[in-house]
């Protein structure tokens with residue numbers, strides 16, 4: 001934290017420390033529920049409160065019971081398997097389609113560029129409940145409701161905006177003279193893409209893919225509308241568990257998801273810094 005200069009007035013100091021205190025309180029308000037969930041997931045008792053043993057830091061009050069129940073339950077394992085399968089499939093489609101769209105939108109003479117960009121990012125703007133209802137009626141008419149393909153396509157539509165935005169941001173600093181130089185040397189468009197363009201935009205592509213995967217893995221509203229019993233994902237299983245059978249296993253699942261989120265955000269930060277180094281931005 002930068003120290004205040006010697007000439008700072010009393011008002012400057014009040015603003016300086018008051019602003020940082022406010023930020024710390026907001027951060028604590030946002031992170032507080034996570035700080036409660038993680039230790040509760042190790043509770044040896046089937047309750048959502050801290051036992052006397054836990055408060056006294058007695059090892060007898062802590063247990064891996066709920067993690068064992070999660071990994072030994074066919075219902076939970078089927079749900080997490082569906083989440084990964086649907087997430088990977090939708091991420092692959094969203095990454096390919098979003099990257100191609102971003103490459104086209106990066107061209108300065110692309111016609112109707114603003115309109116196309118607005119349409120592509122509309123799933124981020126339109127309330128999710130409206131998108132889910134629209135997808136439900138459309139997929140029901142084409143017999144894609146309650147199928148894996150229907151859920152994958154729906155999650156693909158939700159993930160494409162993140163890929164388009166991140167890849168477009170990466171391409172904003174791209175030097176198109178490199179592609180013209182490659183063409184002048186006889187390189188085909190495909191060779192130019194894989195050898196010149198893709199290595200430079202890879203951080204943006206991977207970042208967009210991670211955002212698309214997180215969106216798919218965490219999505220529950222669309223799955224409620226489109227999935228059947230076989231397509232139940234992990235967030236939907238958690239939602240159903242809260243409604244039908246309250247169990248601390250949900251706390252263990254939430255802790256695992258928090259760990260996954262931290263890992264993915266760390267990867268995103270590493271990729272962001274790498275992208276800035278490739279573009280020559282210091283920070």
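The values are calculated or read from the model by the stated rules, or taken from the named source; none is laboratory data. In this text the structure is predicted, and so the values were computed from the model without any measurement. Cβ placement follows ideal geometry from the backbone for every residue including glycine, while neighbour counts extend to all protein chains displayed.
Sort through 90, 72 and tell me the only one that's crowded, with 18+ Cβ neighbours inside 10 Å and under 28 Å from the mean Cα position of the chain (by Cα).
90
One line per residue, one yes/no per condition, for (1) assigned to a helix (DSSP H, G or I); (2) more than 14 Å from residue 80 (Cβ to Cβ):
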position: 186; (1), (2): no, yes
position: 191; (1), (2): yes, yes
position: 209; (1), (2): yes, yes
position: 232; (1), (2): no, no
position: 237; (1), (2): yes, no
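For every residue, the table says whether it meets (1) in contact with a strand residue (DSSP E or B) (Cβ under 8 Å, 6 or more places away or on another chain); (2) closer than 23 Å to residue 90 by Cα; (3) crowded, with 19+ Cβ neighbours inside 10 Å.
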{"site": "205", "(1), (2), (3)": "no, yes, yes"}
{"site": "215", "(1), (2), (3)": "no, yes, yes"}
{"site": "228", "(1), (2), (3)": "no, yes, no"}
{"site": "238", "(1), (2), (3)": "no, yes, no"}
{"site": "242", "(1), (2), (3)": "no, no, no"}
{"site": "249", "(1), (2), (3)": "no, no, yes"}
request  = Name the one entry in 46, 5 that is at pLDDT below 85 and within 32 Å of the chain's Cα centre (by Cα).
outcome  = 46
inquiry  = Testing residue 83 on (1) surrounded by 13 or more Cβ atoms within 10 Å (Cβ to Cβ); (2) out of contact with any helix residue (DSSP H, G or I) (no Cβ under 7 Å at 6 or more places or on another chain); (3) assigned to a helix (DSSP H, G or I), one condition comes back false. Which one is that?
reply    = (2)
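Do we have residue 157 as within 19 Å of residue 120 (Cα to Cα), out of contact with any strand residue (DSSP E or B) (no Cβ under 6 Å at 6 or more places or on another chain) and modelled with pLDDT of 85 or more here?
So residue 157 passes the test.
Can you find a residue that is surrounded by 15 or more Cβ atoms within 10 Å (Cβ to Cβ), part of a helix (DSSP H, G or I), in contact (Cβ under 8 Å) with a residue 24 or more places away in the chain and touching a helix residue (DSSP H, G or I) at 6+ places or on another chain (Cβ under 7 Å) anywhere in region 177-184?
No, region 177-184 has no match at all.
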